[in-house]
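J.: Would you mind keeping the following structure in view while I ask a few things?
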Amino acid sequence: MKRGFTLVEVLVAFVILTLGLAFVATEFSRHLFALQILGNSMAAYRIGDQQMIHEIVHRELGVEVPPDALPEGFTSQVSVTPVQLGTEPLKDVMMDGVAAGVSWNFRHQSRSIRVVTGFPKRQQGG
């Protein structure tokens, strides 16, 4: 009666274990990369949202809100433009649109988002 494993059995088990660990490591790094992208995207949306709020507060209340410091590598630009809705029943309603664009670099790739909202156009003299 023989006891133990043959060399071939040990090598096959070792190859299977190595392939399994390599797969787990690859999936882990892929998910870590996706989490980094998601984290940067969430930061960019938060920056864009804050920039739009600052612009709306300044427009509606006349209060100048000091801009928040942007994280390193992020840039932003805010614009207010007239927007005409093209759907019924508001087809002819003019609105002011506030758009905030945020850009950043991640692993030598430029990425950006654009956050947009609208509100009724301010009446002249009001």
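Since every read-out is calculated from the coordinates, none of them should be taken as a lab result. These numbers were taken from a predicted model, which means no experiment stands behind them. Counting neighbours? That spans all protein chains shown, and the Cβs are built from the backbone with ideal geometry, glycine included.
J.: Modelled label-to-label distance, L38 and E9, 7 Å Cα→beta-carbon offset: nm?
T.: 4.3
J.: May I pose another question? Return the FRET efficiency for the residue pair S79, H108: r is the Cβ-Cβ distance, R0 is 30 Å, and the value is rounded to the nearest 0.05.
T.: 0.60
J.: Would you please put 98-108, 14-24 in order of how densely packed they are, using the mean number of other Cβ atoms within 10 angstrom per residue and starting with the highest?
T.: The densest-packed peptide leads the list: 98-108, 14-24.
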